[in-house]
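The values are calculated or read from the model by the stated rules, or taken from the named source; none is laboratory data. Quick caveat, the model's predicted, so the values are computed rather than measured. Backbone-built Cβ (ideal geometry, glycine too); neighbour counts: all protein chains shown. Each accessible area value is taken on the protein alone, full model and side chains, heavy atoms only, with ligands, DNA and RNA left out. Shrake-Rupley method; radii C 1.70, N 1.55, O 1.52, S 1.80 Å.
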Amino acid sequence: MPLYSEDPSVSLQGSPAPLAGTVAATDGDPRAHLLNNATAEDYRRLVAEGVARVARTVAGTARPFTGVTPEELAPGISAIDLDRPLGDPAAALDELERVYLRDAVYFHHPRYLAHLNCPVVLPALLGEAVLSAVNSSLDTWDQSAGGTLMERRLIDWTAARIGLGRAADGVFTSGGTQSNLQALLLAREEAFRVLRKNSPTPPPVSAMLPKLRVLTSEAGHFSVLKGAKLLGLEPDAVISVPCDGDRRMRTDALARELRRCREAGLTVMAVSATAGTTDFGSIDPLPEIADLCEDAGVWFHVDAAYGCGLLASPTRRHLLAGIERADSVTVDYHKSFFQPVSSSAVIVRDGTTLRHATYHADYLNPARSAEKRIPNQVDKSIQTTRRFDALKLWLTLRIMGADAVGTLFDQVVDLAADAWRLLAEDPRFTVVTRPALSTLVFRYAPAEPAGETAVDLANLHAREALAASGEAVVAGTVVDGRHHLKFTLLNPETTLDDIRAVLDLIAAHAEDHLAAARLTGSPAA
Ligand SMILES: *Cc1c(COP(=O)(O)O)cnc(C)c1O
């Protein structure tokens with residue numbers, strides 16, 4: 001008998017479902033809330049009802065955001081008594097619409113242009129629904145079975161796309177922050193290993209730790225700093241290497257830092273290159289950095305949290321040339337593979353280095369299970385209980401295929417190139433770099449001269465006013481001490497007309513602000 005029977009009374013399409021009463025209230029027996037043989041049909045109806053509401057909301061999204069403020073939203077959420085359940089799922093969903101769905105930020109809207117959030121592909125949502133219901137935990141084989149093997153296939157698939165060779169391995173993680181942390185952990189342990197090997201009397205960790213350094217560019221991600229801190233490195237252990245005009249790590253500066261560290265008796269435990277910086281989408285010169293790391297015997301990490309989408313691109317894979325020489329790579333499928341949060345992985349050239357994350361527990365993964373070659377992914381992970389996030393990517397590859405994913409990414413990269421041209425020709429704006437990927441950092445610059453501080457404030461105001469209006473959401477960042485605005489384009493549905501319209505809105509808000517400041521004689525004007 002199939003687990004989920006077909007019930008023609010539940011329709012996922014078309015006609016708006018009645019809001020209340022479709023889903024049975026389960027007052028009384030708390031066991032009625034558990035998913036099991038008896039409640040499989042309730043599960044199906046309940047989730048169908050929730051999905052139907054989300055589908056209606058998504059279909060009817062007129063703006064990426066309502067512009068709601070924390071002050072407006074907080075009272076309604078504070079007023080909810082969490083100790084008094086509504087009992088009725090339909091009522092809870094009504095409440096959810098009010099406190100969450102109505103005012104959420106919707107990444108699928110073509111005028112959401114802010115952060116590295118992607119619209120998500122349907123096969124991955126299907127995967128999400130399956131993985132949370134089955135609820136496999138990928139730490140051990142005995143909690144996941146096939147899930148473990150499928151995750152391993154996807155790690156191998158990704159490693160092959162990177163070109164890491166047959167000894168490669170890796171593991172899914174919660175995100176790029178965790179992937180970078182784990183890569184740095186492995187790099188630190190490898191640095192210790194080499195230091196111990198090269199020393200007649202192996203130095204204690206307390207002597208080695210303060211001498212460790214990590215080099216990353218000034219456009220590198222702050223998770224490298226967090227990772228270094230968590231790993232016990234000194235506060236100044238992460239050295240920021242200057243970038244060129246395109247915001248790529250300067251290799252002459254990197255060479256100089258490597259030399260300086262060596263002369264100072266310091267150990268560079270890793271160089272973290274970025275393939276797709278968060279602000280600029282710039283890709284560090286990977287082949288040259290690989291050469292320098294090889295010469296210096298330094299762990300070469302590539303943070304491709306953003307740029308990993310190029311691994312699937314039918315036309316732009318060459319932009320990642322050199323990544324195949326990395327010792328470790330961070331990939332965020334939840335950025336450029338159009339996967340829902342969370343879905344990320346750390347991939348390493350030499351799978352044996354993952355042993356640095358291995359601990360055995362008698363109750364879970366005793367050493368004898370490794371001897372018996374039982375595939376326990378916890379041996380490779382810094383997490384224990386872990387979602388089967390890999391299933392989302394699995395169904396994406398099995399339904400759409402990698403080319404389709406890469407084509408979506410190509411489309412936003414093309415869009416960014418067109419949008420750059422638009423910005424470069426627009427006298428109202430200055431644009432920082434020509435994008436290699438899909439971000440644009442720019443600044444409203446008025447025709448009438450105004451002080452830099454006034455222009456800073458006008459740009460800040462434009463961003464806030466735009467978000468408050470809900471017409472569009474854009475990001476902001478600081479470049480060379482000046483406030484800039486930023487588009488992160490990850491939605492293939494966004495058109496050049498959307499970009500044009502949003503630029504007009506930004507200019508109008510910024511002009512309003514400058515005009516008001518001039519009227520009031522504000523010192524900032
Ligand atoms: C987003 C990002 C990260 C962090 O990834 P999370 O998934 O947000 O933890 C790391 N590095 C780069 C370059 C990023 O863009």
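Remarks
- Separation of the residue 77 and residue 360 label points, Cα + 7 Å toward Cβ, nm: 4.6 nm
- Cross-link partners for residue 372 among the aspartates and glutamates, with Cα-Cα distance under 14 Å and sequence neighbours closer than 8 places in the same chain left out: 142.
- Cα centroid separation, segment 294-311 to segment 234-266 (Å): 16 Å
- Segment residue 37..residue 370, full-extension length gain: 116.4 nm, with 0.36 nm per residue of separation and the alpha-carbon distance subtracted.
- Percent carbon-and-sulfur accessible area, segment 403-520, ignoring ligands, DNA and RNA, probe 1.4 Å: 53 percent
- Inter-label distance, residue 201 to residue 500: 7.5 nm, where each label sits 7 Å from its Cα along the C-beta direction.
- For residue 111, residues with placed amide H under 5 Å, excluding near neighbours: none
- Cut-off under 5 Å, modelled amide H: who pairs with residue 250 long-range: 243, 244
- Listed by chain and number, the lysines whose C-alpha is less than 18 Å from the C-alpha of residue 229, apart from same-chain residues fewer than 8 away, are 211.
- For the chain, size of Cβ-based charge dipole, Lys and Arg +1, Asp and Glu -1, in debye: 1580 debye
- Cβ charges +1 (Lys, Arg) and -1 (Asp, Glu), total dipole of segment 403-520, debye: 380 debye
- Amide H to amide H distances under 5 Å link residue 170 with 348, where only residues 5 or more positions off or on other chains count and H is placed in the peptide plane.
- Each of 399, 461, 354 was placed along the dipole of the chain (beta-carbon charges, centred on the mean Cα), and the one lying farthest toward the positive end is 354.
- Per residue, the convex hull volume that the Cα atoms of segment 249-322 enclose (Å³): 86 Å³
- Of all accessible heavy-atom area on segment 216-367, the percent that carbon and sulfur account for (1.4 Å): 51 percent
- Per-residue 3J(HN,Hα) values for segment 147-162, derived from phi via the Karplus relation 6.51 cos²θ - 1.76 cosθ + 1.60 with θ = phi - 60°, read x, 4, 5, 5, 4, 4, 4, 5, 5, 5, 4, 5, 4, 5, 4, 6 Hz in sequence order (x marks Gly and Pro).
- Other residues whose C-beta falls under 9 angstrom from the C-beta of residue 273 contribute a net charge of -2, scoring Lys and Arg +1 and Asp and Glu -1.
- Beta bridges assigned by DSSP with both partners in the chain are antiparallel in approximately 55 percent of cases.
- Accessible area expressed per residue, the chain, with surrounding protein chains retained (probe 1.4 Å, Å²): 47 Å²
- At R0 = 30 Å, FRET efficiency that the Cβ-Cβ distance of residue 234 and residue 482 yields, to 0.05: 0.45
- If you wrap the Cα atoms of the chain in a convex hull and average its projected area over all directions, you get 29.9 nm².
- For the chain, the residue among 38, 302, 430 whose Cα projects farthest onto the positive side of the dipole built from Cβ charges is 302.
- Karplus 3J(HN,Hα) series, Hz, for segment 508-520 with 6.51 cos²θ - 1.76 cosθ + 1.60 (x for Gly, Pro): 5, 4, 5, 5, 3, 5, 5, 5, 5, 5, 5, 4, 7
- 9 Å beta-carbon shell around residue 213, net charge (K/R +1, D/E -1): -2
- The alpha carbon centroids of segment 466-490 and segment 332-361 are separated by 30 Å.
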